[in-house]
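The values are calculated or read from the model by the stated rules, or taken from the named source; none is laboratory data. Given the structure is predicted, the values throughout are model-derived calculations rather than measurements. Neighbour counts are summed over all protein chains in view; Cβ atoms, including those assigned to glycine, are modelled from backbone coordinates with ideal geometry. What goes into the accessible areas is simple: the full protein's heavy atoms, side chains included, and nothing from ligands, DNA or RNA. Shrake-Rupley method; radii C 1.70, N 1.55, O 1.52, S 1.80 Å.
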Amino acid sequence: MKSKGKPVSDEASTLLKRAYALSGAEDAQQLYRDWASTYDQHLEQDLRYIAPVLIAEMLAEAVKDRTARILDVGCGTGLVGEHLAGQGFSGIDGLDFSPEMLARAERKACYRHLVEGDLNAALDIPSQTYDGAISCGTFTHGHVQANALDEIVRVLKPSSYLACTVHRDIWHSAGFDSRIASLIKDEVIVLSRQQKAPYYEGSEADGNYCLIRKL
Ligand SMILES: C[S@@+](CC[C@H](N)C(=O)[O-])C[C@H]1O[C@@H](n2cnc3c(N)ncnc32)[C@H](O)[C@@H]1O
């Protein structure tokens with residue numbers, strides 16, 4: 001991440017570097033245990049993280065019904081939920097595997113239900129539950145494998161939308177491109193994909209913003 005303007009605090013930059021160098025699930029859970037209490041300040045103030053507002057706008061454009069049931073996948077402390085609630089959505093659920101991040105999300109009071117779950121495993125959610133899903137910053141280095149998309153698509157109703165970011169470094173290397181291509185055959189269409197878009201104000205080309213519709 002290259003950011004112009006205000007200097008990034010050492011602590012925020014150290015934790016972001018840890019996030020981009022995770023070795024697996026345990027490492028990720030430890031990182032978010034350490035980061036939960038300062039995550040919002042680091043991301044919003046220090047790093048000027050704009051991805052949650054941009055991805056929330058993308059989903060809000062596609063899903064007109066503000067009572068729709070939306071799943072925020074890898075919701076973290078709830079930055080996306082806040083922006084969706086700001087757009088008028090009232091039926092947002094959040095899923096994450098970090099109890100510390102979920103506890104922070106709960107304080108924001110914008111989620112109907114918060115669920116602890118691992119996106120690298122089968123989700124304990126019935127098929128075709130949701131009218132929409134959203135994921136921001138979670139399809140990135142050492143976090144979630146590309147086949148998590150299958151589970152997310154499974155819990156979506158037909159004709160519903162997924163808006164998600166996928167970091168540019170893992171788009172090919174972690175197989176997100178081929179996973180999406182294989183879903184395209186009969187399960188989804190990709191309505192738009194902004195490539196090389198910023199996640200942070202003033203940064204360059206952090207990743208992809210995708211809008212996908214389940215068939
Ligand atoms: C960079 S944070 C993004 C949080 C929030 N969406 C945002 O944009 O601020 C990534 C989140 O993904 C969660 N996460 C990472 N791997 C996961 C997994 N396998 N299953 C569920 N959540 C996971 C982490 O706990 C963390 O809250």
Query raised in the report: Which residue pairs have Cβ atoms under 7 Å apart, sit 6 or more places apart or on different chains, and have a first residue in the stretch 50-67 that is among the β-branched types (Val, Ile, Thr) and a second that is crowded, with 17+ Cβ neighbours inside 10 Å and part of a helix (DSSP H, G or I)?
Result: VAL53/HIS83; ILE55/VAL80
Query raised in the report: Does ASP46 satisfy the condition of being open to solvent by less than 60 Å² (accessible area, probe 1.4 Å), under 30 Å from SER9 (Cβ atoms) and of a type in the set (Asp, Glu)?
Result: yes
Requested in this report: Find the strands (runs of 3 or more DSSP E) located wholly in the stretch 129-209 whose residues include 3 or more that are of a type in the set (D, E, K, R) and under 23 Å from LEU22 (Cα atoms), and list them.
Outcome: none
Query raised in the report: Going by the conditions given, is GLY175 of a type outside the set (Ser, Thr, Tyr), within 16 Å of the ligand (Cβ to nearest atom) and modelled with pLDDT under 95?
Result: no
Report summary line: Here the residues within the stretch 36-85 that are more than 9 Å from the ligand (Cβ to nearest atom), within 16 Å of ALA19 (Cβ to Cβ) and touching a Pro at 6+ places or on another chain (Cβ under 6 Å) are none
Query - Complete set of residues in the stretch 86-103 that are more than 12 Å from the ligand (Cβ to nearest atom) and small (Gly, Ala, Ser) - result: GLY86, GLY88, SER90, GLY91
Query raised in the report: Among the residues of the stretch 125-141, is there at least one that is under 19 Å from TYR39 (Cβ atoms) and open to solvent by 50 Å² or more (accessible area, probe 1.4 Å)?
Result: no
Report task. Would you point out the residue of the stretch 1-27, among those that are of a type outside the set (A, V, I, L, M) and within 12 Å of the ligand (Cβ to nearest atom), that is modelled with the lowest pLDDT? Result -> GLY24
Requested in this report: Return a yes/no flag: does the stretch 3-18 have any residue that is open to solvent by 40 Å² or more (accessible area, probe 1.4 Å), part of a loop (DSSP other than H, G, I, E, B) and among the charged types (D, E, K, R).
Outcome: yes
